[in-house]
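Quick notes on the structure that follows.
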Ligand code: NAD
Ligand code: UDP
């Protein structure tokens, strides 16, 4: 045994001393689809720092190489340019399936492709998991609850989704992804996990992501009008990305099969949110109510009792702390953008 341990020790990456020996012994091969995106890249950091071997599959529709460049060249890391609508043949122990556009303007840009990614893409990932006997976690969404008539939303709520509205490609796509997951689990006796993710924000969101956090921060930083869609009385609950990543890893490691909400239950109206961001950033932006968007869910807040009970998980990062980090990130992004356009 001592000899084996010695051999293993020589293979621990020297460049990254934070990778502990014990973790190395528990090393897994993990696929992260959509790993070059916002959430995916933070998950990749977490898994790499635990010493796992991580394979990212991404078609770079909304993701960027820059989000994972810190790992390029590391012997435990591999980046594959691939569209999950096409089958993939690799050997892995676990799959975090995150590939799908998440921001409304992005997923509405090509609704048919959004449906294909969430249906065919999910079938391909479930098929891969079945072939290699891997555990698979699906990134679902609070959008499966639609414009909810139960508040806050527990996992037992079946939802209220318009099947032919502008958001349907995403909402129904994710609902089918969940259905597929449980059909495979039952029929093929597979180990599955389903995370219903609520609004998440943080560094590495795309400058033109189009979701409310990035829009408001960028508008405030550039002294532009902060655009509130509709009355602004609709609510959302925002979680910081590191809390979500902790929840995803805890869910994968648990024995729990049914869907689990992962979100921060602190709820704000969009009007309040605009004021919070304006105060945090400073400057002289004004807040303006503009046209409402179709089928905008009016209230959203997760009931996280299940995550608390089963995973012993709850969000740790307050809105103020999380927003400050995100504002700092966007400030740097703006500088970088201006610098590259002045050249
Ligand atoms: P994102 O757009 O930053 O990341 C999605 C990634 O998937 C990108 O890197 C994109 O290039 C990739 N991708 C898209 N289609 C693909 C395809 N066909 N083949 C391969 N790669 C593809 O979005 P995100 O915010 O990081 O979201 C990640 C996951 O979490 C998504 O499944 C999303 O539905 C889910 N989710 C996110 C939130 C949130 O608030 N961020 C909320 C609920 C659910
Ligand atoms: N929103 C807004 N101004 C913006 C972008 C979004 O008022 O510039 C509103 C949007 O109408 C919704 C909320 O903010 O009520 C959250 O929108 P987002 O696109 O971030 O996520 P989702 O609607 O998917 O929760």
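Overview of results
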quantity: Residue order, fewest to most beta carbons within 10 Å, for 155, 224; calculated: 224, 155
quantity: For the stretch 246-316: Kirkwood Rh in Å [reciprocal of mean 1/r, alpha carbons]; calculated: 15.1
quantity: Rounded to 10°, Cα long-axis angle of helix 212-221 versus longest principal axis of the chain; calculated: 60
quantity: Distance between modelled label sites at residue 208 and residue 109, nm, 7 Å Cα→Cβ extension; calculated: 0.7
quantity: Viscosity 1.567 mPa s, 4 °C: Kirkwood-radius Stokes-Einstein D of the stretch 126-262 over Cα pairs, µm²/s; calculated: 77
quantity: Cα-based Kirkwood hydrodynamic radius, the chain, one decimal, Å; calculated: 20.9
quantity: Fully extended contour minus Cα-Cα distance, from residue 160 to residue 338, at 0.36 nm per residue; calculated: 59.8 nm
quantity: Gain on full stretching of the segment that runs from residue 289 to residue 130 - 0.36 nm per residue minus C-alpha separation; calculated: 52.3 nm
quantity: For the chain: relative contact order, % (alpha-carbon pairs under 8 angstrom, 6 or more apart); calculated: 15
quantity: Pair residue 224, residue 46: separation of 7 Å Cα→Cβ label points (nm); calculated: 3.1
quantity: Chain lengthening between residue 65 and residue 182 when straightened (0.36 nm per residue, less Cα-Cα); calculated: 38.9 nm
quantity: Gap separating the Cα centres of the stretch 60-130 and the stretch 28-44, nearest whole Å; calculated: 9
quantity: Calculated SAXS-style log₁₀ I(q)/I(0) at q = 0.18, 0.22, 0.27, 0.28 Å⁻¹ - the stretch 67-131, Debye, Cα scatterers; calculated: -0.80, -1.02, -1.17, -1.20
quantity: With Cα atoms, 0 to 90° folded angle of helix 319-342 axis to the chain main axis; calculated: 90
quantity: Helix axis angle, 111-132 relative to the chain longest principal axis, alpha carbon, degrees; calculated: 20
quantity: Taking the convex hull of Cα positions in the stretch 191-343, its mean projected area over all directions (nm²); calculated: 10.4
quantity: Cα pair distances in the stretch 219-282, grouped into 5 Å bins until the bin that holds the longest one, percent each; calculated: 3, 15, 18, 16, 16, 11, 9, 8, 3, 1
quantity: Which of 88, 137 has the fewest Cβ neighbours within 10 Å, and the rest in rising order; calculated: 88, 137
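No lab work stands behind these numbers, since they all come straight from the coordinates. A quick note: this is a predicted structure, and the numbers were derived from the prediction, not measured. For neighbour counting, all protein chains shown are included, and Cβ atoms are generated from backbone atoms with ideal geometry for every residue, glycine included.
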